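> What follows is a single structure, and I will ask about it in a moment.
The values are calculated or read from the model by the stated rules, or taken from the named source; none is laboratory data. Values in this document were obtained by computation on a predicted structure and should not be read as measured data. Please note: Cβ atoms are built from the backbone with ideal geometry, for glycine as well, and neighbour counts cover all protein chains shown. Surface accessibility is based on the protein's heavy atoms, side chains included, excluding ligands, DNA and RNA. Shrake-Rupley method; radii C 1.70, N 1.55, O 1.52, S 1.80 Å.
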Amino acid sequence: MDLEALKAQWLREERDAHIRGWDFSHIEGQYEEGEDIPWDYEAVVRSYLSPELRLLDMDTGGGEFLLGLGHPGENTSATEGYPPNVALCRSVLPPHGIDFREAADVRRLPFGDGAFDIVINRHGSFDAGELARVLRPGGVFVTQQVGAENDRGLVELLLPGTRPPYPEQYLEKACRRFEDAGFEILQAREAFPRIRFYSVGALVWFARVIPWEFPGFSVERCWAGLCRAQELLEQEGVIEASTHRFLLAASRMVQRKGGAGDRC
C-alpha cells in the first residue's frame, strides 16, 4: 500500500462528501447496497395505490422516489425536514402540482384529520399516533425502514464501540406501536441485506454523508480502521457488511383477513 497516496485520495473524498436529496451517484460502481432485499418497496407501494387516492410521502428526501411513482399531482403531498432537501423540494415538487410542506416534527404533520388515503415513508421518521390522525379510516401506511443494526460491521471497523443511533428500530417494536395506535398489520418483513464497497474512498464518502451512523468520522481520526479496510479490500476484493431493513404496511382499520402478508 502507498499510504501517502491513499491518504491524499481519502482526504479528497472527505472534502467531496456532500449529498443532494438522497443521491449516491458519486460512488456509483464503487459500492452495492440493497441488491438482495427480498421485497420491492415500490411494488408494495403500488399495490395499495390508485390514481384517485390522496397520497402523502413523508420525509421525501429530494422527491426522487415520489416523482418516479407518477401519481397525479393534485392528489399528492410531501413533507421533508432536512433543510438542504427542503430547498430542493420547493424547487422540484410544486411544478408537478405536488403540495409540498416543510415538516421537521413527525408528531405534528401540517395536515388536517383524515387528509390521506395512503401515507408512504422510506427511511424516514414517523409517529404511529399522528399517522392515525392524518389517515382516513381504512387508510394505509407503508414504510421501509433502516433498522437498528444497519452497517454495524462498518461502524465497528471505523469507530469501534459506537452505539447504534436508533436502538428501538426493530420490526417487532414498530408493529406493537402501530397495533397500540389502532392499526391492523397487513405486511411485516425484516431482512439483513449485504452492503459491499470496492473502494475505501467510497467508504470514506459514505461515512461522511451519514454522520448519524458514523459520528465524528474523519480520515485522521479513523486512520487505523481505514488502513484495515484497505487490507481487507486487497485480500478479499471487497469490504462487506450487513445492512438492516424492515417493511411494514398497516391499515388504520381492519380491511383484510388472511393472506395479506407476513405478520409480526
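> Checking the conditions here, which among SER47, SER125 is more than 19 Å from the chain's Cα centre (by Cα) and hydroxyl-bearing (Ser, Thr, Tyr)?
Values: SER125 fails: more than 19 Å from the chain's Cα centre (by Cα).
None of the other options fit; the residue is SER47.
> Taking GLU234, is it of a type in the set (Asp, Glu), open to solvent by 30 Å² or more (accessible area, probe 1.4 Å) and either under 23 Å from GLN9 (Cβ atoms) or in contact with a Gly (Cβ under 6 Å, 6 or more places away or on another chain) (or both)?
On the way: of a type in the set (Asp, Glu): yes; open to solvent by 30 Å² or more (accessible area, probe 1.4 Å): yes; either under 23 Å from GLN9 (Cβ atoms) or in contact with a Gly (Cβ under 6 Å, 6 or more places away or on another chain) (or both): yes.
For GLU234, the condition - of a type in the set (Asp, Glu), open to solvent by 30 Å² or more (accessible area, probe 1.4 Å) and either under 23 Å from GLN9 (Cβ atoms) or in contact with a Gly (Cβ under 6 Å, 6 or more places away or on another chain) (or both) - is met.
> If you take just the helices (runs of 4 or more DSSP H) that sit entirely in region 1-89, which of them hold at least 1 residues that are touching a helix residue (DSSP H, G or I) at 6+ places or on another chain (Cβ under 6 Å) and in contact (Cβ under 8 Å) with a residue 24 or more places away in the chain?
Result: 3-15.
> Under 8 Å by Cβ, and 6 or more places apart or on different chains, what pairs join a residue from region 218-239 that is at negative phi with one that is open to solvent by 70 Å² or more (accessible area, probe 1.4 Å) and assigned to a loop (DSSP other than H, G, I, E, B)?
Here the result reads GLY225/PRO160; CYS227/MET1; GLN230/MET1; GLU231/MET1; LEU233/TYR198; GLU234/MET1; VAL238/TYR198; ILE239/TYR198, each pair linking region 218-239 to a residue that is open to solvent by 70 Å² or more (accessible area, probe 1.4 Å) and assigned to a loop (DSSP other than H, G, I, E, B).
> Would you check if PRO83 is open to solvent by 50 Å² or more (accessible area, probe 1.4 Å) and at pLDDT 95 or above?
So PRO83 does not fit the description; no.
> Mind checking which residues of region 172-216 are at pLDDT below 95 and closer than 15 Å to GLY34 by Cβ?
ILE210
> Do you know which of the residues in region 139-166 that are open to solvent by 50 Å² or more (accessible area, probe 1.4 Å) and in contact with a helix residue (DSSP H, G or I) (Cβ under 8 Å, 6 or more places away or on another chain) is farthest from ARG122 (Cα to Cα)?
Restricting to residues being open to solvent by 50 Å² or more (accessible area, probe 1.4 Å) and in contact with a helix residue (DSSP H, G or I) (Cβ under 8 Å, 6 or more places away or on another chain), the top hit is PRO160.
> I'd like to check something: does region 94-101 contain any residue that is of a type outside the set (A, V, I, L, M, F, W, C) and either closer than 27 Å to PRO164 by Cα or part of a loop (DSSP other than H, G, I, E, B) (or both)? Quick ask: steps written out before the conclusion?
Going residue by residue through region 94-101, those that are of a type outside the set (A, V, I, L, M, F, W, C) are 94-97, 99, 101.
When the remaining residues are screened for being either closer than 27 Å to PRO164 by Cα or part of a loop (DSSP other than H, G, I, E, B) (or both), the result is 97.
Looking for residues that are of a type outside the set (A, V, I, L, M, F, W, C) and either closer than 27 Å to PRO164 by Cα or part of a loop (DSSP other than H, G, I, E, B) (or both), one finds at least one in region 94-101, hence yes.
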